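One structure is given below, encoded as structure tokens.
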Amino acid sequence: MAAVILADQAVKWWAWRHFSWARINPGGDAIVGQRVSTWFANPVTGALLDLMNVGVMSIAVYVLTRCRLYPAVRVLGALVIGGWGSNLLDRLGVHYWTAPDSVRGVVDFIHFDGAYYNLADFFIICGTPLLMLALLYQVARALMGHGAPKTALSARSPIGVRVPALLGVSMILAVTLGATHYGSVSAASCSTTQPGVDAGVSFLQC
């Protein structure tokens, strides 16, 4: 999960500085529709939806780490959650590092079939159907009397309660900051660099 996030954020950072067609997607995607995408693009409703996504992703991570699952389900689930989490981190403020002064949104730079994507999108798009198949296989095995492999669950400790609480407060603060601090740049051609002759790098002009 961490590897997917680190790889995706590193590639976004590099693409924003080298691809003039890189852009910020402030809304959602074709799956959620135009109306929901408009909600995501709004500073207030977008922040609330981001907070909801943090909660849903936290539940997904909890299920992945605490429930009895087959290794294939765990691996595919980690890849999908990693891609999902990386895009969510963009909206929570990491885009200020990958794409300075940009509007809140997700950095996209792969142009395909009239739409823009990023590396995380491919983990989500390719991993989700495979994850569904792996889950169906596990359910089918369970119905036939073959349960998932047993795993030992660690006992709860005070630290195990405090850490999620601290992370929850941090996420709420990140969403609040994302709603109140809004950049203006939406395309790499307005802010990034390309190879030059003298110093090796020169700024692109809008």
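Miscellaneous remarks
- Residues in region 74-118 that are within 25 Å of Leu131 (Cα to Cα), over 10 Å from the mean Cα position of the chain (by Cα) and in a helix (DSSP H, G or I): Arg74, Val75, Leu76, Gly77, Ala78, Leu79.
- Qualifying residue in region 113-132 (condition: modelled with pLDDT of 90 or more, aliphatic (A, V, I, L, M), surrounded by 13 or more Cβ atoms within 10 Å (Cβ to Cβ) and within 22 Å of Ala187 (Cα to Cα)): yes
- Among the residues examined, Gly27 does not qualify as crowded, with 21+ Cβ neighbours inside 10 Å and more than 30 Å from Gln138 (Cβ to Cβ).
- Filtered residues of region 70-113 (kept if free of Cβ contacts under 8 Å to residues at least 12 places away in the same chain and among the charged types (D, E, K, R)): Arg74, Asp113
- Each residue in region 1-22 was checked for being without any contact (Cβ under 8 Å) to a residue 40 or more places away in the chain and either in contact with a strand residue (DSSP E or B) (Cβ under 6 Å, 6 or more places away or on another chain) or surrounded by 15 or more Cβ atoms within 10 Å (Cβ to Cβ) (or both), and 0 pass.
- Criterion violated by Thr65 - all others in (1) assigned to a helix (DSSP H, G or I); (2) touching a residue at least 12 places away in the same chain (Cβ under 8 Å); (3) more than 18 Å from the chain's Cα centre (by Cα); (4) surrounded by 14 or more Cβ atoms within 10 Å (Cβ to Cβ) satisfied: (2)
- Some residue of region 40-54 being outside any helix (DSSP H, G or I), in contact with a helix residue (DSSP H, G or I) (Cβ under 8 Å, 6 or more places away or on another chain), farther than 28 Å from Phe112 by Cα and in contact (Cβ under 8 Å) with a residue 24 or more places away in the chain: no
The values are calculated or read from the model by the stated rules, or taken from the named source; none is laboratory data. Worth saying up front: this structure is predicted, and the values here are computed from it rather than measured. Please note: Cβ atoms are built from the backbone with ideal geometry, for glycine as well, and neighbour counts cover all protein chains shown.
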